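Laboratory data are not the source of any read-out in this text; all were calculated from the coordinates shown. Model, not experiment: these values are computed from the prediction. Backbone-built Cβ (ideal geometry, glycine too); neighbour counts: all protein chains shown.
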Ligand SMILES: [Fe+2]
Ligand SMILES: [Fe+2]
């Protein structure tokens, strides 16, 4: 059947909200199954907890910096869906997640321009190839990289911890402070150095911190990292 382009252009669009996305049975199922796969291969938590935290922080970054409510909503939706591609495989989850989001959001009749913003944000959330390409994209990068916390460790056997488990397990408190007055985005961590050293933190997170700095720059801010009260 031939569909005229004018028919496609007249498709009704709908301003999709995070609430609708997080209640969608497909989104719920794919994120649940993505985390089951991460747990099976010994990775930290990538489920609804992580998705919800990244969505909330991404929205809050843009709200604090005076961006529009709709940009905040798009950042929240991209944040919620950003690791959904792990339902296929951890390797390639960035591209896979963007394509899954494209399909789901198209079915929800989200306007194409908004879908482009979201799949671009999902497609750019990881180092080394990710780049902040829009305000929602920059917000998702910062929110994702700041979710380092002992509650993310899914490996029940501490004797089999790898460096990712140890570093996450060591982080007792993680807070992303956005200061709109002095234009800084501050990642404040409290690390129990009995479990991992600050050096180990840098060993696995240096590329993430570089990406955070670029994301903060995109938003017109400076990125700062504070560990156990010391500015680094
Ligand atoms: Fe990811
Ligand atoms: Fe993530």
Using mean Cβ contacts within 10 Å as the protection proxy, how do 142-150, 169-177 order, highest first? 142-150, 169-177
Given 5 Å bins starting at zero, what is the percent of C-alpha pairs of segment 78-142 in each, up to the one with the largest pair distance? 4, 22, 32, 25, 14, 4, 0
To the nearest 10 degrees, how steeply does helix 93-107 sit against the main Cα axis of the chain, on a 0 to 90 scale? 30 degrees
Rounded to the nearest 500 deg cm²/dmol, what is the calculated helix-only ellipticity per residue at 222 nm for the chain, with -39500 (n - 2.57) per DSSP H run of length n ≥ 4? -17000 deg cm²/dmol
Quick one: work out the % antiparallel among DSSP beta bridges in the chain, nearest 5. 60 percent
Please sort 23-29, 80-86, 55-61 by packing, taking for each peptide the average over its residues of neighbouring beta carbons within 10 angstrom, highest first. 80-86, 55-61, 23-29
In units of 2.2 N^0.38 Å, the Cα radius of gyration of the chain is 1.04
With angles folded into 0 to 90 degrees, how steeply does helix 198-218 sit against the dominant principal axis of the chain? Use alpha carbons for both and round to 10. 40 degrees
Angle between the Cα long axis of helix 112-123 and the longest principal axis of the chain, 0 to 90 degrees, nearest 10? 30 degrees
I'd like the distance between the alpha-carbon centres of segment 18-68 and segment 207-232, rounded to an integer number of Å. 22 Å
